[in-house]
1. For A:ARG288 and A:GLN149 in one chain, what is 0.36 nm times their gap in residues minus the Cα-Cα distance, to one decimal in nm?
2. Enumerate the helices in chain A for which the Kyte-Doolittle hydropathy averages 0.0 or more and the C-alpha atoms extend at least 18 Å along the helix's axis, using complete DSSP H runs.
3. Starting with the fewest neighbours, write out A:ARG405, A:ARG69, A:ARG247, A:ARG313 ranked by other beta-carbon atoms found within 10 Å of each beta-carbon.
4. Can you grab the distance from the C-alpha centre of the stretch A:147-212 to the C-alpha centre of the stretch A:229-294, Å, no decimals?
5. Would you kindly state how much longer the chain becomes between A:ALA65 and A:PHE135 on full extension, computed as 0.36 nm times their sequence separation minus their alpha carbon distance, in nm to one decimal?
6. Can you give the FRET efficiency for B:THR44 and A:VAL355, using 1/(1 + (r/R0)^6), R0 = 25 Å, r = Cβ-Cβ distance, to the nearest 0.05?
7. Holding the Cα-Cα limit at 29 Å, pick out from A:LYS103/B:LYS11; A:LYS95/B:LYS27; A:LYS40/A:LYS111; A:LYS80/B:LYS11; A:LYS80/A:LYS458; A:LYS95/B:LYS11 the pairs that are longer than that.
8. How far apart, in nm, are the 7 Å Cα→Cβ label points at A:ARG298 and A:ARG255?
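Quick note: the coordinates plus some simple rules give every number you see, no bench work behind them. In this text the structure is predicted, and so the values were computed from the model without any measurement. Methodologically, a virtual Cβ is constructed for each residue, glycine included, from the backbone with ideal geometry; neighbour enumeration extends over all protein chains shown.
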Amino acid sequence: MIAAHWLSAAEASRAFAARTLSPVELWTALLARIEGLQPKLHAFIRLDADAAISAARTAEHEITAGRSRGPLHGIPIGLKDIIDVAGLPTTCHSKILLDNVAKADAAVTSKLRAAGAVITGKLATHEFAIGGPSFDLPFPPARNPWNPQHHPGGSSSGSGAGVAAGLFPVALGSDTGGSVRNPASACGIVGLKPTYGLVSRRGVFPLSYTLDHVGPLARTVEDCALLLDAIVGHDPADPGSTPTHARDFTHDLHRGVRDLRIGFIRHFHETDMPAHPEMTAALEDAARVLQSEGAEVRTMHLPTLNEFAGVNRVILTSEAWSIHAPWLRERPGDYGQLARRRLMPGAFIPAGDYVGAQRRRAQMIAAVEDAFRDVDVLLCASSMDPASRIYDAAETARTYSRQARTPFNVTGHPALAMMAGLSRDGLPLSVQFVGRYFQDATVLRVAAAYERATDWRKRHPPIG
Amino acid sequence: MDDQLVAALAKAAGLEKALADYPEDVKAAAAQAMNTAAAIQYPTDPTAEPWPPMRPGLGR
């Protein structure tokens with residue numbers, strides 16, 4: 001018998017249907033766990049227990065009456081605190097927006113409510129999804145459940161920590177330079193940055209308009225797919241939203257990888273940013289696993305990580321400066337130091353460099369599209385190192401940029417990070433899969449095959 | 001980038017308060033801007049257009 005807090009959303013939904021568990025019973029069990037672990041993990045900025053029990057009761061009533069809305073009905077979910085929930089503050093983990101009560105739900109929040117999900121509250125983030133981990137903010141940073149002395153990754157820190165610790169089975173985060181996939185990597189779960197334009201960003205506080213994505217975090221690939229099913233859809237109110245027929249992301253999960261061609265971007269972790277040896281071994285093992293499952297794996301090349309990162313940073317800081325300039329001019333002391341340092345560079349980047357970065361971006365997109373003429377999916381590193389110690393600012397600064405996630409914010413391709421092992425110190429190792437535009441289902445298909453062929457999803461943090 | 005130039009650019013950007021209260025943060029931000037821009041091989045082909053392209057539309 002699996003403890004309620006380790007049930008996936010899909011398993012809980014099946015238990016609801018079989019009447020062996022109810023939404024109220026699940027939420028009650030999770031609430032007790034949250035109350036026990038929140039002082040150690042700080043995943044929540046704001047727990048909305050009253051609204052959650054009310055939603056769980058409604059879900060229970062509807063499911064019992066035979067009016068199930070689908071697999072997320074009655075499932076508890078956490079939202080990164082840059083995503084609007086009507087009536088609750090969206091603080092972005094910052095003193096700047098402590099009193100910023102959302103007037104309306106974000107598009108994704110509305111979709112989750114329509115699917116019957118139980119919104120549990122607002123989760124810790126790096127300040128404005130960029131400045132962290134920080135100890136000079138109104139709320140403490142989230143901790144890694146595998147070892148609370150370590151960083152859970154960011155910026156969707158509470159989303160990663162809470163899912164990994166069994167506080168809720170699924171969460172939403174945002175990803176501008178890797179902020180869904182970083183906590184997924186650090187916390188040993190699954191995080192998907194969907195194709196740019198697939199999920200509406202309306203009601204999500206922006207960091208960088210042309211790089212921002214909203215995406216799911218979960219303990220299983222199936223849950224990631226179910227959550228993506230619930231939140232996709234064209235939204236004319238989001239200028240980046242794209243009309244698409246991409247739907248039913250669970251459909252291909254059981255197809256396996258036989259005959260798929262996978263391009264392994266080895267230079268990312270071998271020469272561009274040489275990875276920790278245990279991470280390198282995990283990546284090579286992931287390639288071997290997929291080969292043994294029937295995929296053809298070949299080595300491929302893309303532009304260097306250093307250049308992808310430069311393009312990402314010039315665009316991100318320029319766009320973020322256009323958002324934050326008024327507050328940085330008038331209230332610089334109300335930011336934490338890391339956010340202040342990471343948001344101000346946009347003041348020093350000439351307009352020509354921003355346009356130049358966007359021009360180079362078009363060439364980088366073409367390079368990745370060229371790669372997808374020869375393969376179906378790319379495999380590469382996500383993080384180059386296991387999670388840093390959270391109090392070691394120097395180590396965190398050194399390792400934070402050692403990652404291969406920003407390329408796919410620059411290009412907008414769907415990219416998923418998931419657990420691929422444990423280090424000798426008991427910290428998660430990770431792998432990343434990347435797909436063609438709007439073929440998020442193929443990325444999930446490869447991830448599901450890898451998940452089935454390994455036992456990493458059965459590992460849980462030693463946190464009780 | 002020397003300190004005087006950083007100060008002049010910061011003032012031009014309206015960051016007088018930050019410059020007065022957090023001069024080290026302003027210097028660090030300027031240094032980061034220089035380093036990231038230097039990593040890019042900017043296109044030399046004048047016809048290479050930026051992403052995303054301009055598209056006719058209604059705007060908001």
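1. 46.8 nm
2. Qualifying helices, which must be both long enough and hydrophobic enough, are A:23-41, A:305-330, A:440-453.
3. Ascending Cβ contact count within 10 Å gives the list A:ARG247, A:ARG69, A:ARG313, A:ARG405.
4. About 16 Å separates the Cα centre of the stretch A:147-212 from the one of the stretch A:229-294.
5. Contour length minus Cα-Cα distance gives 20.4 nm.
6. 0.95
7. A:LYS103/B:LYS11; A:LYS40/A:LYS111; A:LYS80/B:LYS11
8. Here the modelled spin labels are 2.0 nm apart.
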